[in-house]
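See below for the structure under consideration.
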Amino acid sequence: MNTEVRPITAAELTAAWQILLELRPGLSREDFGKTLRQQSAAHGYELIGAFEDRKLVGVLGMREVHTFARGSHLHIDDLVVAADARGQGTGGRLLEYAEAVARNHGLLQVFLDSRPGAIGFYERRGYRRHESVLIKKPLDTSARPAATKRSRILT
């Protein structure tokens, strides 16, 4: 089978969204487009596709990140392979592509968030659990203070 891994074009976005639905089932086409535009403009987020005989079968979303804690690194936000194409090495080829991009940009690490069921996939490829624990707090946006000065970063 001939696999090509490359950035997704605008004409391929609907197919990418349909595959991404397997990972994010509640994602509407409208929200996908809006979030993709925001992430791309603000953070350099890029969608990469894996194509088998010119058919899109896998999607990876990635962006370069710079933080005090982790330094400069590549962050993979999304990696999903269509259910009927799994087990054929497509996910591994997407990771290899992302790692090559990271190396070419002088980045020394790749970080990602994983569902528990996919951890073994990443560990078999040399990824290790990070000691940080991700926590979150949903905010009640209806309780906004009347006068809040916004940070320059968030404006």
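The values are calculated or read from the model by the stated rules, or taken from the named source; none is laboratory data. In this text the structure is predicted, and so the values were computed from the model without any measurement. We place every Cβ from the backbone using ideal geometry, glycine too, and count neighbours over all the protein chains shown.
Structure notes:
- His43 falls short on exactly one of the conditions (1) within 25 Å of Asn104 (Cβ to Cβ); (2) without any contact (Cβ under 8 Å) to a residue 24 or more places away in the chain; (3) loosely packed, with under 11 Cβ neighbours inside 10 Å, and that condition is (3).
- Applying a threshold of 6 Å to beta carbon distances and a minimum spacing of six or more residues, or different chains, the list of pairs starting in the range 1-20 at a residue that is farther than 9 Å from Leu47 by Cβ and ending at one that is in a helix (DSSP H, G or I) reads Thr3/Arg93; Val5/Arg93; Val5/Tyr97; Trp17/Arg29; Trp17/Phe32.
- Matching residues in the range 109-121 - criterion: being out of contact with any helix residue (DSSP H, G or I) (no Cβ under 8 Å at 6 or more places or on another chain) and either of a type in the set (A, V, I, L, M) or in contact (Cβ under 8 Å) with a residue 24 or more places away in the chain (or both): Phe111, Asp113, Ala118, Ile119
- Test for Val57: is it assigned to a strand (DSSP E or B), touching an Asp or Glu at 6+ places or on another chain (Cβ under 6 Å) and within 23 Å of Phe121 (Cα to Cα): no
- Within the range 23-51, the set of residues being more than 19 Å from Ala98 (Cβ to Cβ), in a loop (DSSP other than H, G, I, E, B) and of a type outside the set (A, V, I, L, M, F, W, C) comprises Pro25, Gly26, Ser28.
Results for (1) within 17 Å of Asp77 (Cα to Cα); (2) in contact with a strand residue (DSSP E or B) (Cβ under 7 Å, 6 or more places away or on another chain); (3) modelled with pLDDT under 95, shown as yes or no for each residue.
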site: Thr14; (1), (2), (3): no, no, no
site: Trp17; (1), (2), (3): yes, no, no
site: Leu23; (1), (2), (3): yes, yes, yes
site: Asp31; (1), (2), (3): yes, no, no
site: Ala42; (1), (2), (3): yes, no, yes
site: Val59; (1), (2), (3): yes, yes, no
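- Taking the criterion of being over 16 Å from Gly92 (Cα atoms) and surrounded by fewer than 10 Cβ atoms within 10 Å (Cβ to Cβ), the residues of the range 118-137 that qualify are Arg129, Glu131, Ser132, Val133, Leu134, Ile135, Lys136, Lys137.
- Residue-level analysis places Ser72 outside the set of residues that are assigned to a helix (DSSP H, G or I) and among the polar types (S, T, N, Q).
- Residue selected from the range 81-117 under the condition charged (D, E, K, R) and in a loop (DSSP other than H, G, I, E, B), by the criterion surrounded by the most Cβ atoms within 10 Å (Cβ to Cβ): Arg86
- Of all residues in the range 109-155 being over 21 Å from Arg63 (Cβ atoms) and of a type in the set (Asp, Glu), the one that is modelled with the lowest pLDDT: Glu131
- Glu52 being farther than 24 Å from Ile119 by Cβ and touching a residue at least 40 places away in the same chain (Cβ under 8 Å): yes
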